Each structure stands twice: as structure tokens, then as C-alpha cells.
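The values are calculated or read from the model by the stated rules, or taken from the named source; none is laboratory data. Computed from a predicted model, the values in this text were never measured in an experiment. Virtual Cβ from ideal backbone geometry, glycine too; neighbours counted across all protein chains shown. These accessible areas exclude ligands, DNA and RNA; they are computed on the full protein's heavy atoms, side chains included. Shrake-Rupley method; radii C 1.70, N 1.55, O 1.52, S 1.80 Å.
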Amino acid sequence: MSESKWFPGTRADRHVLIAKTATFMSDPENRATIGFATTTPSGAWFDTAYAPKSTIYEAAYQKWADPATNSSTALDNLKDSEKEFFPIYRTFYGAVKGSPLVSNASLEEMGFPPRPSGGHSPHPVDKLFVDINASPMGNYTIRVTFVNRDTGKSNVPDYLTGVVIYYVVSSTPIENPADLAFSRLATRAPYELTLDPALQGKTLYLAGRWQNARGELGPWSSIIKIIVP
């Protein structure tokens, strides 16, 4: 479906759509139903990547829309927030429209068009491998890149939601990926992983797996390690 058929062309209409999505996602039960509970990788991505940009966009829109605060500066700030938030919003739409956990009723409640008859089957990931790499960025932040082993490309295919990056800081070597206690969902590469400043100088272990719209996970990548900068 072309973007023009689901993402309106005017700022006011786009805000109405985004507000419907925000109302739906403000209900924890709705989030759990569609696979975005806070304890899931998708939910963590929503809370750390989507929600902060959405909040900034909403504040900028309200200042622009209010005659008392509308100005050229307010418009510039709104444009900046749109550049930051809209790609994330499109990623969210792609994830929910392809998920069998999301009914047509939920799509419509979020403001999105329903799927055509026939539905959608998520792409299997049991044989899709990902290779990840990490480099220091400073300020306790790690730059994580990933590559589709089959294609050699670093983009997330349309039929997948992203790469789940698992990680843990440990003073002893990690050989079993099951010991990687924390996770984040990376919907595009590179992904910036910011850690607690107290972890500076310690060893971080990471691995990754592709995830499809159903939340199914592909094979593990190799475990890599890096010193937290």
C-alpha cells in the first residue's frame, strides 16, 4: 500500500491519525494484545525509540497549532520533530500491519486501514542469519551494526521487524547466548546502545537474532564483546 493511502498529506490530518494511535497504545491491555507489552523487545523499542520522539512531536505540534504560540520558530521546531518522528512512526505501522497479533479492528482503532481480504502471513525466520558488529562511540554508547548474511545488506527487510540485540556486561566470558539477559529491538542499522555510565571500562557481550512480525526469532549470531567506552 502506498503511503498516500494511509498517511495523510496535511499536518492536521496526520496529527489526528497519530493521536488515534497514541490513544490505542496508551492502554497496556491493547499493547499486550498486539505484542508490544513493555516486557517484550517490541515494547522496549516502543518505549525507548518511539515514545520519546512522539512526545517531542506532540509538544511541537501543539505550539504550532496554537495561535498564541504559532511562529516561524514553532514551525521550524515542528518540522524538525517530524523529521525525527515520522520515520519511526512508519516503522511502527509496518510492524503492526504485518503482525498476525494485530486484528483489522485494532488497525482501524489505531487509525490505520484494514488489511485486504486474505490476510498476511509473517515471513519465516528459522533459516535467516544475521551478523552483528560493535564499535565504541564514547559516552557509554556502543554503535551496533548488523548485516543480513544472505544478502550482505544492513537494512531491515520489509518482511521483518528488525534485529533483537541481546547483551549483558560480565566479568567472565559469555559463551551461551541464553546468558545475555537484556534486549533491545533495532529496526534499522546502525543502532546506538547507550548504557549506564557505571559500566564504563567493563566488558559487554552481544548477539543478535532477526525477528518477524509474529515475534518469531531467527538463529543466533555469534557472540561478540567490546569494552564499554
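Against the main long axis of the alpha-carbon atoms of the chain, helix 72-97 sits at an angle near 60°. Taking a straight line from the alpha carbon of Lys63, these lysines sit under 26 Å away, with near neighbours fewer than eight places off in the same chain left out: Lys20, Lys53, Lys79, Lys83. Against the main long axis of the alpha-carbon atoms of the chain, helix 11-25 sits at an angle near 50°.
Counting only protein heavy atoms and a probe of 1.4 Å, the accessible surface of the chain is 51% carbon and sulfur. Note that the chain presents 52 Å² accessible area per residue, ligands and nucleic acids not counted, probe 1.4 Å. How high is the relative contact order of the chain? Use alpha-carbon pairs under 8 Å, at least six apart in sequence, and give a whole percent. Relative contact order, the chain: 20 percent. Mean sequence separation of contacting Cα pairs (under 8 Å, at least six apart), scaled by the length of region 1-103, corresponds to a relative contact order of 22 percent. Pair-distance distribution of region 1-133: all C-alpha pairs, bin width 10 Å, starting at 0; shares per bin in whole percent are 11, 38, 33, 15, 3, 0. Its relative contact order, with pairs defined as Cα atoms under 8 Å and 6+ residues apart, puts region 74-173 at 18 percent. Projecting the Cα positions of Asn133, Ile165, Thr187 onto the charge dipole of the chain (unit charges on Cβ atoms of Lys, Arg, Asp and Glu, taken about the Cα centre) puts Asn133 furthest along the positive direction. Using a/c under 1.5 as the rounded threshold, could you call the chain rounded, prolate or oblate? The axes a ≥ b ≥ c are square roots of the C-alpha gyration tensor eigenvalues, and prolate needs a/b larger than b/c, oblate otherwise. Oblate is the answer for the chain, as a/c is 1.5 or above yet b/c matches or exceeds a/b.
Helical runs (DSSP H, four residues minimum) scored at -39500 (n - 2.57) apiece and divided by the length of the chain put the mean residue ellipticity at 222 nm at -10000 deg cm²/dmol. Basic side chains Lys and Arg get +1 at the Cβ, acidic Asp and Glu get -1 at the Cβ, and with that the dipole of region 177-221 about its Cα centre reaches some 120 debye. Work out the FRET efficiency for Asp158 and Trp220 from their Cβ-Cβ distance, taking R0 = 22 Å, and round it to the nearest 0.05. That gives a FRET efficiency of 0.45. Rounded to the nearest 20, the Cβ-based charge dipole of the chain about its Cα centre (Lys and Arg +1, Asp and Glu -1) stands at 380 debye. If only the Cβ of Lys and Arg carry +1 and only the Cβ of Asp and Glu carry -1, the dipole of region 155-229 around its Cα centre is close to 40 debye. With point charges of +1 on the Cβ of Lys and Arg and -1 on the Cβ of Asp and Glu, referenced to the Cα centre of region 1-159, which listed residue (Ser103, Phe146, Ala65) lies farthest in the positive direction of the dipole? With unit charges placed on the Cβ atoms, the residue in question is Phe146.
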